[in-house]
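Since the structure comes first, as structure tokens, the remarks are kept for the end.
The values are calculated or read from the model by the stated rules, or taken from the named source; none is laboratory data. Owing to the predicted nature of the structure, the values given are computational and were not obtained by experimental measurement. Methodologically, a virtual Cβ is constructed for each residue, glycine included, from the backbone with ideal geometry; neighbour enumeration extends over all protein chains shown. These area figures cover heavy atoms from the full protein model, side chains too; ligands, DNA and RNA do not enter into them. Shrake-Rupley method; radii C 1.70, N 1.55, O 1.52, S 1.80 Å.
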Amino acid sequence: MSFLEGICSCKSPQLAVLIDPGKTGPEHWKILLQQSVLPHFFMVGGSTGGQKETEFCTSFLKDNQSKPVVLFPGNETQITSHADAIFLLSLLSGRNPDLLIGKHIRAAEQLDALGIEIIPTAYLLVENGGSSSVQQVSQTTPIGRNDNKLALQTALAGQQLGMKLIYLEAGSGAPLPVPVPMIQNVKLRLRVPLIVGGGISSGKQCSEALAAGADIVVVGNALEKNPELLPALVNTVSRHEN
Ligand code: 1GP
């Protein structure tokens, strides 16, 4: 079964832990892996790291635990064959052609040769009450926090273009996560799985995103600050199992 088939056939919500190899190293990763329970899968990526850091981190995770590892590339160099899959992100909330298709073209031959599972993912940046690195790096305007209509239209367009996942992103370390009404509104009309991330730093926020309809919740920053929060987040997600 492919990684995507596993996600689509899973009736229960999932927790993904995002590891940024440009900001953290083996000391941090070891503490995460020593926790009593692990997330459903790991994501590797960030705004600064390159190929070397991505490969090192991905190999470390594959060698030291058994959960899938998925690339979440912040740029086209963050690619390695050691991962199980890659979220091939297209920033549909913005109008930066490079992030819609340009980088994808530049990485296409390399990706094709790697042979890892490619998961086309509609990436929607949502206003977060501040500014995030993805906002600065992408030079795009995020979807307004109250613009549920635009969020839904953009998510549906992604689905109609054949994208396999929709990712509502408030940005790493966001002061405010994606609003609950926006998650609810998008989820109502969506047939593909919905990922929600950015600024989720407690079991309560994780629970709210799941109750609103997120199929996968992503947590990064909060675990960089406190890896020991992981078991509480895993327990929160398991309480939402059907
Ligand atoms: C960022 O959605 C992810 O791309 C995770 O965000 O680091 O704020 O948890 P945080």
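Worth a mention:
- For the stretch 97-115, the residues whose amide N sits under 18 Å from a probe point set 7 Å from the Cα of Ser81 along the beta carbon direction are 107-115.
- Radius of gyration (Cα atoms) of the stretch 4-45, expressed as a multiple of 2.2 N^0.38 Å: 1.36.
- Selection of trypsin sites (Lys or Arg not before Pro), the stretch 36-118, meeting DSSP coil and at most 15 other Cβ within 10 Å: Arg95
- Distance in nm between pseudo-label sites at Glu241 and Asp147 (7 Å out along the Cβ direction from Cα): 3.9
- Helical contribution to [θ] at 222 nm, DSSP H n ≥ 4, -39,500 (n - 2.57), averaged over the chain, rounded to 500: -11500 deg cm²/dmol
- Heavy-atom accessible surface of the chain: percent carbon and sulfur, 1.4 Å: 51
- Rh (Kirkwood; distinct C-alpha pairs) - the stretch 1-103, Å: 14.5
- Computed from label points 7 Å out along Cα-Cβ, the spacing between Glu228 and Ser202 is 1.9 nm.
- Compared with the direct C-alpha span, the chain from Ile105 to Glu5 gains 33.5 nm at full extension, assuming 0.36 nm per residue.
- For the chain, averaging the sequence separation of C-alpha pairs within contact (under 8 Å, six or more residues apart) and dividing by the residue count gives a relative contact order of 21 percent.
- Per-residue ³J(HN,Hα) for the stretch 65-76, Karplus 6.51 cos²θ - 1.76 cosθ + 1.60, θ = phi - 60°, Hz, x for Gly and Pro: 7, 10, 6, x, 10, 10, 6, 10, x, x, 7, 6
- Whole-Hz couplings from phi, Karplus 6.51/-1.76/1.60, listed for the stretch 114-122; x for Gly and Pro: 5, x, 8, 5, 10, 10, x, 10, 7
- For Ala174, the residues whose amide H sits under 5 Å from its own are Gly199, ignoring neighbours fewer than 5 places away on the same chain, with H placed 1.01 Å from N.
- Among Pro21, Ser238, Gly45 the positive-end extreme of the charge dipole of the chain (Cβ point charges): Ser238
- Considering only Cα atoms, the convex hull volume of the stretch 202-242 works out to 56 Å³ per residue.
- Excluding same-chain neighbours fewer than eight residues apart, the lysines reachable from Lys204 by a Cα-Cα span under 20 Å are Lys187, Lys225.
- GNM remark for the chain: springs join alpha carbons under 10 Å apart, and the peak mean-square fluctuation among Asp98, Asp20, Asp63 falls on Asp63.
- In the stretch 121-230, trypsin sites (Lys or Arg not before Pro) in a DSSP loop with at most 16 other beta-carbon atoms within 10 Å: Arg191
- Under-5 Å amide H pairs with His40, H placed in peptide plane, nonlocal only: Leu15
- Out of every Cα-Cα pair that the stretch 159-242 contains, those further apart than 17 angstrom amount to 45 percent.
- Counting only Cα atoms, the chain measures 43, 42, 36 Å along its principal axes, largest extent leading.
- Stretching Lys52 away from Ser36 to a fully extended chain increases their span by 2.8 nm, per 0.36 nm per residue minus the current alpha-carbon distance.
- Here Lys52 is the anchor, and the lysines within straight C-alpha reach of less than 22 Å, apart from those fewer than 8 places off in the same chain, are Lys23, Lys30, Lys62, Lys67, Lys103.
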